[in-house]
Amino acid sequence: MKSISLDTKKAACFLKEGSVTAFAPKVKAAQEALENGTCPGNDFLGWLHLPSSISDDFLGEVETAAQVLRDNCEVVVVAGIGGSYLGARAVIEALSNSFGWLIADKKNPTILFAGNNIGEDYLFELTQYLKGKRFGVINISKSGTTTETALTFRLLKKQCEAQRGKEEARRVIVAVTDARRGAARTCADKEGYKSFIIPDNVGGRFSVLTPVGLLPIACAGFDIRALVKGAQDMEKQCALDVPFEQNIAAQYAAVRNALYQSGKKIEIMVNYQPKLHFMSEWWKQLYGESEGKDKKGIFPASVDFTTDLHSMGQWIQDGERTIFETVISIEEPEQTLLFPEDEENLDGLNFLAGKRVDEVNKMAELGTRLAHVDGGVPNIRIAVPRLNAYYIGQLIYFFEIGCGISGNVLGVNPFNQPGVEAYKKNMFALLDKPGYEAESKAIKERLNNEK
């Protein structure tokens with residue numbers, strides 16, 4: 001079985017000779033700290049050997065619960081925010097038919113995502129769409145009180161019960177939550193919902209290989225066993241005892257930190273497959289929330305090429321040289337489509353006749369990488385043999401372990417997110433939430449003074 005691979009030559013050439021290998025001891029120490037549990041945030045290391053700990057029985061339980069939803073729902077709404085939905089959405093969109101939502105697929109339910117915003121129009125339109133439909137809900141929240149998700153779940157629960165009756169609704173609402181505490185756990189126990197546990201030692205952005213991601217992915221009809229197998233194999237390939245020269249996660253962490261130290265403050269994740277858009281969104285959360293603290297951290301951005309070459313491409317080619325790119329390249333597409341010949345040849349493209357569309361895409365990728373390197377943009381390339389569940393599993397664990405190592409090299413706690421709480425405190429104060437009386441008074445006085 002092939003594996004994803006890493007090419008850093010077009011990034012390392014922008015660094016002083018020996019810069020990358022100079023990071024090897026730091027990377028080794030960072031990975032040892034992860035393994036030994038001596039790093040900051042060591043109570044959130046459950047993801048580190050999660051793939052190898054997943055049993056066949058556990059996967060069977062997830063598949064059984066997914067099948068109940070598949071058999072009884074034409075739509076399944078996943079309610080969650082941040083890591084509670086991005087990983088699942090990344091995998092589902094990567095593996096789905098691009099136009100699946102337009103196709104009446106009698107085998108697989110439509111998977112929708114909500115609880116990740118507070119858009120009134122969005123939620124109204126969702127409830128209108130669900131009217132008369134046999135829908136179910138996967139509510140993903142450790143606490144059950146995260147505003148965006150809790151608000152959405154309350155709406156969906158009421159509508160599901162109204163349309164299907166309370167007894168039937170109990171069969172098609174599943175809770176993925178804390179083992180013992182929190183509003184979502186209390187609700188699940190009271191209502192008798194099927195539930196799965198989010199491990200205490202796995203943070204949301206590292207949770208895609210827990211029921212947080214596996215249940216929605218299985219509901220969509222995809223092979224979670226292949227996904228987990230890919231992650232298990234990558235766990236072995238990136239283990240502590242694998243030499244630096246063979247450990248692609250260690251190399252990725254070293255190169256990106258060396259580039260950061262040299263003044264490259266922004267990493268742009270690039271894909272040439274539209275199906276990978278949400279993989280980039282998941283990656284942005286993983287690295288942004290893990291590294292962006294203590295006034296440090298590479299800023300994670302993303303583009304979809306070749307589309308964004310006609311917008312962001314100008315800035316990347318000629319803008320400020322504080323960026324580097326990491327390109328995810330799919331080596332072999334799942335389908336074959338040949339470029340046709342046209343008798344009139346008005347567009348002048350007959351020279352492409354008979355070529356696969358993917359060959360044109362690959363030359364666009366290569367040409368762009370060369371142009372950007374010539375323009376002063378270091379390029380890292382991650383080659384993925386095929387866009388299937390096994391290799392997506394590899395990619396997920398590669399980015400997770402790379403993030404854990406990189407954050408420790410940077411000198412931050414990669415597993416907390418203190419900055420996320422700041423907006424919540426202000427929002428609750430502005431909404432006069434009970435218990436926030438002092439904060440409400442202070443923020444209203446501030447706003448009056450700023451008029």
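In this model, which of 194/275; 106/229; 10/362; 265/362; 131/275; 157/275 are farther than 22 Å apart at the alpha-carbon?
In this structure, 194/275; 106/229; 265/362; 131/275; 157/275 lie more than 22 Å apart at Cα.
Find the Rg to Rh ratio for the range 191-263, where Rh is the Kirkwood radius over alpha-carbon pairs and Rg uses the same atoms.
On the way: Rg = 16.9 Å, Rh = 15.1 Å.
Radius of gyration relative to Kirkwood radius: 1.12.
Evaluate the Debye formula for the range 272-348 with equal point scatterers sitting on the alpha carbons, no solvent, and hand back log10 of I(q)/I(0) at q = 0.16 Å⁻¹, in q order, two decimals.
Values returned for q = 0.16 Å⁻¹ are -0.81.
Provide the per residue accessible area, probe 1.4 Å, for the range 1-134, rounded to a whole number of square angstrom.
Details: 7190 Å² over 134 residues.
Roughly 54 Å² per residue, with all protein chains present.
Note the full-extension length gain between residue 370 and residue 242 as 0.36 nm times their separation in residues minus their Cα-Cα distance, in nm to one decimal. Display every interim value, and only then the final one.
Details: separation 128, 0.36 × 128 = 46.08 nm, distance 3.13 nm.
Answer, rounded to one decimal: 42.9 nm.
Using just the Cα positions, wrap the range 239-387 in a convex hull and report its mean projected area in square nanometres, one decimal place.
Details: hull surface 44.6 nm².
Averaged projected hull area, Cα only: 11.1 nm².
Mind giving me the FRET efficiency for residue 102 and residue 1? R0 is 30 Å, r the Cβ-Cβ distance, nearest 0.05 is fine.
Details: r = 34 Å, r/R0 = 1.13.
For R0 = 30 Å, the calculated efficiency reads 0.30.
How compact and how long is the chain, expressed as Rg and Dmax of its alpha-carbon atoms in Å?
Gyration radius and largest Cα-Cα distance of the chain: 23.3, 76 Å.
Out of the trypsin sites (Lys or Arg not before Pro) in the range 1-95, which ones are loop residues according to DSSP with at most 10 other C-beta atoms within 10 Å? Show your work: numbers first, answer last.
Numbers: sites: 2, 9, 10, 16, 26, 28, 70, 89; in loops: 2, 16.
Counting only loop positions with at most 10 other Cβ atoms within 10 Å, the trypsin sites (Lys or Arg not before Pro) in the range 1-95 are 16.
Using a cut-off of 12 Å between alpha-carbon atoms, which aspartates and glutamates can reach residue 425, once sequence neighbours fewer than 8 places away in the same chain are excluded?
437, 439
Tell me, what is a quarter of the convex hull surface for the C-alpha atoms of the range 17-167, in nm² with one decimal? Intermediate results must be reported in sequence, preceding the final value.
Working: hull surface 54.9 nm².
Taking a quarter of the hull surface, the average projection is 13.7 nm².
Using 0.36 nm per residue, how much length does the chain from residue 447 to residue 424 gain when fully extended, once their Cα-Cα distance is taken away? Walk me through the numbers on the way to the answer.
Numbers: separation 23, 0.36 × 23 = 8.28 nm, distance 1.69 nm.
Value of the extension gain: 6.6 nm.
Expressed as cubic angstrom per residue, what is the convex hull volume of the alpha carbon set of the range 148-199?
Details: hull volume 3.5 nm³, N = 52.
It is 67 Å³ per residue.
List the aspartates and glutamates whose Cα lies under 14 Å from the Cα of residue 158, skipping any in the same chain that are fewer than 8 positions away.
Answer for residue 158, where 14 Å is the Cα cut-off: 167, 168, 191, listed by chain and number.
Which log10 I(q)/I(0) values does the range 370-451 give at q = 0.14, 0.17, 0.19, 0.23 Å⁻¹ under the Debye formula, counting every alpha carbon as one identical point scatterer?
After summing over all Cα pairs, the log10 values are -0.77, -0.85, -0.93, -1.08.
At a 1.4 Å probe, what is the % contribution of carbon and sulfur to the accessible area of the range 231-349?
In the range 231-349, the share of accessible area belonging to carbon and sulfur is 52 percent.
Given R₀ = 56 Å, what would the calculated FRET efficiency be for residue 341 paired with residue 21, taking r from the Cβ atoms and rounding to 0.05?
Details: r = 51 Å, r/R0 = 0.91.
FRET efficiency, residue 341 to residue 21: 0.65.
Determine the calculated [θ] at 222 nm for the chain from helices alone, applying -39500 (n - 2.57) to every DSSP H run no shorter than 4 residues and normalising by the residue count; nearest 500 deg cm²/dmol.
Taken over the chain, the calculation gives -15000 deg cm²/dmol.
Considering only protein heavy atoms, what per residue accessible area in square angstrom results for the range 266-401 with a 1.4 angstrom probe?
Working: 6070 Å² over 136 residues.
Here the residues of the range 266-401 average 45 Å² of exposed surface.
Just tell me which aspartates and glutamates come within less than 18 Å, Cα to Cα, of residue 433; anything on the same chain fewer than 8 places away is out.
148, 421, 445
Measure out, as a whole number of angstrom, how far apart the alpha-carbon centroids of the range 27-58 and the range 384-451 sit.
21
Please report the projected area of the range 227-289's Cα convex hull averaged over all directions, in nm².
On the way: hull surface 22.9 nm².
Its Cα hull, projected and averaged over all orientations, spans 5.7 nm².
Once you have a ≥ b ≥ c as the square roots of the Cα gyration tensor eigenvalues for the range 300-451, tell me rounded if a/c is under 1.5, and otherwise prolate or oblate according to whether a/b is larger than b/c.
Numbers: a/c = 2.58, a/b = 2.09, b/c = 1.23.
Here the range 300-451 falls in the prolate category.
The values are calculated or read from the model by the stated rules, or taken from the named source; none is laboratory data. None of the values given here were measured: they were computed from a predicted structure. FYI the Cβ positions are ideal-geometry reconstructions off the backbone, even for glycines, and counts take in every protein chain you see. Areas reflect the complete protein model, heavy atoms only, side chains present, ligands, DNA and RNA absent. Shrake-Rupley method; radii C 1.70, N 1.55, O 1.52, S 1.80 Å.
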